[in-house]
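Structure, as structure tokens:
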Amino acid sequence: MKEAGQLTIAAIVDPASISYRSDAMLGINVAPGHTPASVAERIGKCPNVVYLVWIGGRYDLLVEVVFEIEEELPIFMDTYCYSDPGIASVEIMVGIKMFKNQFLLKRDFSQLPPSSEEPRK
């Protein structure tokens, strides 16, 4: 699979396992004339962004950011959100206390039911 380009091996740091002082979830609405993908591409370049997903519902994008010092959040907001014409609005939800943080990578995939799709060839 690796030789066919279907498998990439990468190391991912779990933010909960390292010390950071501040985290926030951002609910972003994309401005008319822009796409969630284009906004996500710009925001995703920031190393403080640890989770970025296009969602349905109240927001277009859900973004999780983590910072080593609290003062970095306003700098991130000015640099990546408030100055981006592709962002119509953003709601900041600051973490108060973490009760659980389990990444998908820690999931036991052996417990999933078999897929009904035919395997790709």
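The values are calculated or read from the model by the stated rules, or taken from the named source; none is laboratory data. As the structure is a computational prediction, the values presented were derived from the model and not from experiment. Note: ideal-geometry Cβ built from the backbone for every residue, glycine included; neighbour counts use all protein chains shown.
Conditions (1) assigned to a loop (DSSP other than H, G, I, E, B); (2) at pLDDT 90 or above; (3) within 30 Å of MET1 (Cβ to Cβ), marked per residue:
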residue: ASP23; (1), (2), (3): no, no, no
residue: ARG42; (1), (2), (3): no, yes, no
residue: LYS45; (1), (2), (3): yes, yes, yes
residue: VAL53; (1), (2), (3): no, yes, yes
residue: THR79; (1), (2), (3): no, yes, no
residue: GLU91; (1), (2), (3): no, yes, no
residue: ASN101; (1), (2), (3): yes, no, yes
residue: LYS121; (1), (2), (3): yes, no, yes
Please go through the stretch 39-60 and pick out each residue that is over 17 Å from THR79 (Cβ atoms) and either among the basic types (Lys, Arg) or surrounded by fewer than 17 Cβ atoms within 10 Å (Cβ to Cβ) (or both). TYR51, VAL53, TRP54, ILE55, GLY56, GLY57, ARG58
Restricting attention to the stretch 61-76, does a residue exist that is more than 11 Å from ASP23 (Cα to Cα), among the aromatic types (Phe, Trp, Tyr) and either surrounded by 12 or more Cβ atoms within 10 Å (Cβ to Cβ) or at pLDDT 95 or above (or both)? yes
Do we have ILE28 as closer than 18 Å to GLY95 by Cβ, among the β-branched types (Val, Ile, Thr), at pLDDT 95 or above and surrounded by 10 or more Cβ atoms within 10 Å (Cβ to Cβ) here? yes
With respect to the numbered conditions (1) surrounded by fewer than 17 Cβ atoms within 10 Å (Cβ to Cβ); (2) at pLDDT 95 or above, which one is the sole condition not fulfilled by ASP14? (2)
